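What follows is a set of notes on a single structure, which appears directly below.
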Amino acid sequence: MVNEMTQKIQIGKLAMLVASLTPDELEPFAASLEEVQYCQGKAGSMDIQKVIAAVETAAKRNGIISQDVYRETHALYHAILESLEGVMRGQLGVGNMMRTVGLRFAIVRGEPYDRKEEGDWIAVAFYGTIGAPVKGLEHETFGLGINHI
């Protein structure tokens, strides 16, 4: 039996790699990254809205999503929230819970399925630290969110 939904690229895996690896470490994945749109950035705060805004701003500035198309912003927002649930272990809150984050993020947009009708999908990955707002008391964290556009 042939699965018509086979994946041609894995945008989630690419997002995790871009968020967590240095440019030199990403070199072996250059061919895969040419198949997608992506960008990376950093966000650190005790305010979750600042983290969300940093990702959204990067996506718009780098042409990953269009400012004029609501469904693209909406899809990005849900991918961000899903990824942050992983970072924060399901409790979306930082400053109000006396914790802070220092994160690198990646946004990857592509067509992960062979069937053109499945369209574009977007992945957001965070890698970094979370913990008490005292230097040295944080630990590593990772989150991944994927949504269709």
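Looking at the stretch 99-129 only, could you name the residues that are in contact (Cβ under 8 Å) with a residue 60 or more places away in the chain and not in a strand (DSSP E or B)?
Answer for the stretch 99-129, where residues must be in contact (Cβ under 8 Å) with a residue 60 or more places away in the chain and not in a strand (DSSP E or B): E111, P112, D114, R115, E118.
Where residues in the stretch 130-149 are surrounded by fewer than 17 Cβ atoms within 10 Å (Cβ to Cβ) and not in a loop (DSSP other than H, G, I, E, B), which of them is nearest to the chain's Cα centre (by Cα)?
My answer is F142.
Under 7 Å between Cβ atoms, at least 6 apart or on separate chains: pull out the pairs that start in the stretch 47-67 with a residue that is over 13 Å from A106 (Cα atoms) and end on any residue that is at pLDDT below 95 and of a type in the set (V, I, T).
Qualifying pairs under 7 Å: D47/V94; I48/V94.
In this structure, does S32 turn out to be surrounded by 15 or more Cβ atoms within 10 Å (Cβ to Cβ), among the polar types (S, T, N, Q) and over 16 Å from N147 (Cβ atoms)? Can you show your working first?
On the way: surrounded by 15 or more Cβ atoms within 10 Å (Cβ to Cβ): yes; among the polar types (S, T, N, Q): yes; over 16 Å from N147 (Cβ atoms): yes.
Criteria met by S32.
Just to verify a result, which residue in the stretch 65-98, among those that are surrounded by fewer than 22 Cβ atoms within 10 Å (Cβ to Cβ) and touching an Asp or Glu at 6+ places or on another chain (Cβ under 8 Å), is modelled with the lowest pLDDT?
G95
Of the residues L17, L76, only one is closer than 17 Å to G119 by Cβ, of a type in the set (A, V, I, L, M) and not in a loop (DSSP other than H, G, I, E, B); which?
L76
Restricting attention to the stretch 15-48, and to residues there that are among the polar types (S, T, N, Q) and modelled with pLDDT of 95 or more, which single residue is farthest from E85 (Cα to Cα)? Explain how you work it out, then say what you get.
We begin by selecting, within the stretch 15-48, every residue among the polar types (S, T, N, Q); these are 20, 22, 32, 37, 40, 45.
When the remaining residues are screened for being modelled with pLDDT of 95 or more, the result is 20, 37, 40.
Numbers: S20: 18, Q37: 24, Q40: 19 Å.
Applying the filter and picking the extreme gives Q37.
Give the residues of the stretch 56-87 that are in contact with a Lys or Arg (Cβ under 8 Å, 6 or more places away or on another chain) and farther than 18 Å from W121 by Cβ, sorted by residue number.
Of everything in the stretch 56-87, just one residue is in contact with a Lys or Arg (Cβ under 8 Å, 6 or more places away or on another chain) and farther than 18 Å from W121 by Cβ, namely Q67.
The values are calculated or read from the model by the stated rules, or taken from the named source; none is laboratory data. Only a predicted model underlies this, so the values are computations on that prediction, with no experimental measurement involved. Quick reminder, even Gly has a Cβ in these numbers, built from the backbone with ideal geometry, and neighbours come from all protein chains shown.
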